[in-house]
Amino acid sequence: MHSGLINYLVSTSSDDEDTNRLRMSEGGTIASGLVAGGAIGSLISAILRIAGVDWFLGEWVETPGATYLGMVMYIFLCGYMYKFSMKVKAKKVVAKA
């Protein structure tokens, strides 16, 4: 749901279709980076778990503070993706005569 909302807001943010395409491209780049970072983090976590290193805070994860922190970070990442995408401005090509 969140990605669809961000997609709609970015893709309809300008009357210029080229600007919207550039912004969508930038948004896709940051989203791909976040997915790749999550995959790398999961891989490192799995390697540590196999090696016997248990640094997961099981008790803290069940507290309301962990839930609230997760919600705040989720909202922050959605806002970051939107703001990052909206920084792109139209690139005008000047025709040489």
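The values are calculated or read from the model by the stated rules, or taken from the named source; none is laboratory data. Keep in mind it's a predicted model, so treat the numbers as computed, not measured. Methodologically, a virtual Cβ is constructed for each residue, glycine included, from the backbone with ideal geometry; neighbour enumeration extends over all protein chains shown. Ligands, DNA and RNA are excluded from the accessible area calculation, which covers all protein heavy atoms including side chains. Shrake-Rupley method; radii C 1.70, N 1.55, O 1.52, S 1.80 Å.
Report whether or not residue 50 is open to solvent by 80 Å² or more (accessible area, probe 1.4 Å), modelled with pLDDT of 90 or more and more than 25 Å from the chain's Cα centre (by Cα).
Yes: the conditions hold for residue 50.
Yes/no matrix, rows are residues, columns are (1) at pLDDT 85 or above; (2) within 30 Å of residue 15 (Cα to Cα); (3) polar (S, T, N, Q):
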{"site": "57", "(1), (2), (3)": "no, no, no"}
{"site": "60", "(1), (2), (3)": "yes, no, no"}
{"site": "64", "(1), (2), (3)": "yes, no, no"}
{"site": "77", "(1), (2), (3)": "yes, yes, no"}
{"site": "90", "(1), (2), (3)": "no, yes, no"}
Restricting attention to the stretch 1-30, the residues that are over 12 Å from residue 86 (Cα atoms) and in contact with a Lys or Arg (Cβ under 9 Å, 6 or more places away or on another chain) number exactly 1
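Taking the stretch 1-23 only, how many residues are touching a helix residue (DSSP H, G or I) at 6+ places or on another chain (Cβ under 6 Å) and either exposed (fewer than 12 other Cβ atoms within 10 Å of the Cβ) or assigned to a helix (DSSP H, G or I) (or both)?
Going residue by residue through the stretch 1-23, those that are touching a helix residue (DSSP H, G or I) at 6+ places or on another chain (Cβ under 6 Å) are 2, 6, 10-11, 14, 20, 23.
Retained after the next criterion (residues that are either exposed (fewer than 12 other Cβ atoms within 10 Å of the Cβ) or assigned to a helix (DSSP H, G or I) (or both)): 2, 6, 10-11, 20, 23.
Looking only at that region, the number is 6.
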